[in-house]
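A.B. asks: What follows is a single structure, and I will ask about it in a moment.
The values are calculated or read from the model by the stated rules, or taken from the named source; none is laboratory data. Predicted model, so just to flag it, every value in this text is computed and none were measured. Ideal geometry is used to build each Cβ from the backbone, glycine not excepted, and the neighbour counts take in all protein chains shown.
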């Protein structure tokens, strides 16, 4: 496991080869449905098989840990990014390819965003939603054009997608916003949607 100082990351990418890097936003809990963990494990396996590098929040709990451990178990590369304050709360997945420690949550998000080519959103709570919405908002503001896909495990994101429609209907979001994300039902299709962009 290697440590890379934050100063190397704030102005550009650390991953310079042609292997795509996909950031996965997801919960640090397993959730109430066993299908969520199964999807996280299947996504990790698929990332490794498709030769995509995973970047995520470095924690070993819930869907975060399941995705990372599966990617590593199938021979994939994993970059973990964690603020010091969470080191003893979320724990660390062992044998990460690269570990990046940050001082704040904001820096963690910045590092993950800067080093990702695309984003997949598994089920999660407020933190996952915060990451996904911020990424979409940055797209809306013209700050990037990186693809983001909601992995809609057993309809988990259905109500959020309805809320997006409501935003548009009520004039608080332009219809173009709905073109900033895609929705997939399986890990493989989520990866395909990210790589097609």
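A.B. asks: Hey, among 188, 151, 161, which residue is at pLDDT 95 or above and closer than 15 Å to residue 25 by Cβ? Working first, answer last.
C.D. replies: Details: 188 fails: closer than 15 Å to residue 25 by Cβ; 161 fails: closer than 15 Å to residue 25 by Cβ.
None of the other options fit; the residue is 151.
A.B. asks: On to the next question. Where in segment 64-166 are there strands (runs of 3 or more DSSP E), lying fully within it, with 1 or more residues that are surrounded by fewer than 20 Cβ atoms within 10 Å (Cβ to Cβ) and touching a residue at least 60 places away in the same chain (Cβ under 8 Å)? Working first, answer last.
C.D. replies: Working: elements: 78-83, 98-102, 118-121, 148-151.
Correct list: 98-102.
A.B. asks: Test residue 55 against the stated conditions and say whether it is outside any helix (DSSP H, G or I), in contact (Cβ under 8 Å) with a residue 60 or more places away in the chain and touching a helix residue (DSSP H, G or I) at 6+ places or on another chain (Cβ under 7 Å).
C.D. replies: Numbers: outside any helix (DSSP H, G or I): yes; in contact (Cβ under 8 Å) with a residue 60 or more places away in the chain: yes; touching a helix residue (DSSP H, G or I) at 6+ places or on another chain (Cβ under 7 Å): yes.
Yes.
A.B. asks: Considering segment 167-195 alone, what residues qualify as being outside any loop (DSSP other than H, G, I, E, B), closer than 27 Å to residue 37 by Cβ and out of contact with any helix residue (DSSP H, G or I) (no Cβ under 6 Å at 6 or more places or on another chain)? Quick ask: steps written out before the conclusion?
C.D. replies: From segment 167-195, those outside any loop (DSSP other than H, G, I, E, B) are 167-169, 175-179, 182-184, 187-195; that's our starting set.
Restricting the remaining residues to those that are closer than 27 Å to residue 37 by Cβ gives 182-184, 187-195.
The answer is 183, 189, 190, 192, 193, 194, 195.
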